[in-house]
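Following: one structure in C-alpha cells, then a few remarks.
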Amino acid sequence: MQEQDLERGIAARLNSGKRIIRQAGEKAKEYFENYETLEVEVKTSRQDLVSEADREVERLIRAEIANAFPLDGLVGEEHGQSEAESDYTWVIDPIDGTSSFLHGLRSWCVVIAVLKEGRPVIGIIYDPMTGQLYHAAEGAGAFRDDRPISVDFETPLSGGFFVVGASRPEQSRHVGQVIEGLLSAGGIHMRNGSAALSLAHVAAGHYLGFYEPQLSSWDCLAGLLMVTEAGGVADDFLVANGLSSRGPAFACAPQAAAQFRALTV
Ligand code: 2AM
Ligand code: CA
C-alpha cells in the first residue's frame, strides 16, 4: 500500500501529527538551549526525571490535537489519559530521553503514536537536534524525511549495534546478563537514553536491534510500528501490556531476531 491509499481518517491524523510534532520539537529545543536553568523534579526514582519542558510541550501537543480532533482519546506521559469518543487514541511523549535532555545530551525526541480501535496505525518520531522526522503508517512503510527507510537486512548479530536499555535497579542483573551474552556473541552494545529514537534508528538500519525490559507505551509504540514497517521483527506491546502498564519492548532486524531474542529471556 502507498501512503496516498491510506484511509482518510488515518491520513488526516498523519498529516496533522507531523505538523504538531515539529511545532512541539521546536518548543522543546528552546527549553533545551537553556537546560541548565530548568528545575528538575524526581518522579519514581533518580532515573525518572521531569521538568517544565516535558509538561509544557505535552500541553502544546494536547491542545493542538484537541483542536483538530476533539473526539479522539489522548494518553500522555505527564498529564494522563482522556477517553476517546471516536475510534482513535493518540499516545504521546513530549520528551523521550528526558535524562539525556536534562544532562545536556542531544539524544532525545518527541513521540506520537495513533491507535485506531486499539491498534497502532501511525508512529511519528521527531529529532529536533537534527531536524529529522521519522514516520510510519500501518501497511504503508517507514520513512525519514518522507524517504523510505528499512532495517539492515545484511549484518548478522555478530558485528551489529544493539541497544539494551534499563532504568530501574531491580533490572540490573537481567540487563547485565543480556549485555554479557550479546558481547560474548560478538554484538556491540550502544545506548543513547531515548527508547523511541533508538527504535527509529533500528528502523533506519543504524542499530540492528533494541531491547528494554520495562518501558511505557508512549516510549515504544511509535518505534515498534516503525521497525515492523521497515521490515523488522517487533513485539506487539499492547497484546502483552495495557496502554498504561509497563512492559518489555523488543525489535530487531529479521536475520538476527531469533538469536537476539534468545539472549533476552
Ligand atoms: P523518558 O525519557 O520519557 O522517561 C531509557 O532507558 C528509556 O526509558 C527512555 O525512553 C525513558 O523515557 C524510559 N524511562 C526512564 N525512566 C523510566 C522508568 N522509571 N520506568 C520506565 N521507563 C523509563
Ligand atoms: Ca518522557
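The values are calculated or read from the model by the stated rules, or taken from the named source; none is laboratory data. Quick caveat, the model's predicted, so the values are computed rather than measured. Reconstructed Cβ throughout: ideal geometry from the backbone, glycine too, with neighbour counts over all protein chains shown. With ligands, DNA and RNA removed, areas are computed over all heavy atoms of the protein, side chains included. Shrake-Rupley method; radii C 1.70, N 1.55, O 1.52, S 1.80 Å.
General remarks:
- Full extension of the chain between residue 174 and residue 150 gives 5.7 nm of extra length, using 0.36 nm per residue less the Cα-Cα distance.
- Summarising the amide proton neighbourhood of residue 107: residues at separation of 5 or more, or on other chains, whose placed amide H is nearer than 5 Å comprise an empty set.
- Kirkwood Rh in Å, taken over segment 161-264 so that all alpha-carbon pairs contribute: 13.3
- Centre separation in Å (Cα based) which lies between segment 152-183 and segment 20-39: 30
- Using the rule -39500 (n - 2.57) for each DSSP H run of four or more residues, divided by the residues of the chain, the 222 nm mean residue ellipticity is -11500 deg cm²/dmol.
- Largest to smallest in accessible area, the residues 98, 130 fall in the order 130, 98 (1.4 Å probe, all protein chains included).
- Chymotrypsin sites (Phe, Trp or Tyr not before Pro) lying in DSSP loop within segment 127-196, provided at most 16 other Cβ fall within 10 Å: 153
- Extension gain, residue 47 to residue 206, is 54.6 nm, computed as 0.36 nm per intervening residue step minus the present C-alpha separation.
- Rounded to 5, percent antiparallel among DSSP beta bridges of segment 1-95: 55
- Each principal axis of the Cα cloud of segment 24-88 was taken in turn, and the coordinate range along them, longest first, works out to 40, 27, 11 Å.
- With every protein chain in place, the chain: carbon and sulfur % of accessible area (1.4 Å): 47
- Per-residue Karplus couplings for segment 192-202, computed as 6.51 cos²θ - 1.76 cosθ + 1.60 with θ equal to phi - 60°, are listed in order as 10, x, 10, 4, 5, 5, 4, 5, 4, 6, 5 Hz, Gly and Pro entered as x.
- Heavy-atom accessible surface of the chain, averaged per residue, reaches 43 Å², computed with a 1.4 Å probe.
- Within the chain, percent of DSSP bridges classed antiparallel, to nearest 5: 80
- Residue order for 173, 13, 261 - accessible surface, 1.4 angstrom probe, largest first: 173, 261, 13
- Fully extending the segment from residue 261 to residue 183 would add 26.7 nm, taking 0.36 nm per residue of separation and subtracting the current Cα-Cα distance.
- Heavy-atom SASA rank of 103, 174 (probe 1.4 Å, accessible area, largest first): 103, 174
- Solution diffusion estimate, µm²/s, Stokes-Einstein, the chain, Kirkwood Rh from C-alpha pairs, 10 °C, viscosity 1.306 mPa s: 87
- Nearby aspartates and glutamates by direct alpha-carbon distance to residue 116 (threshold 14 angstrom, same-chain neighbours under 8 apart not counted): 7, 72, 83, 85, 87, 138
- Close amide H partners of residue 141, meaning residues 5 or more places away or on another chain with modelled amide H under 5 Å apart, do not exist here.
- Separation of the residue 11 and residue 40 label points, Cα + 7 Å toward Cβ, nm: 4.6
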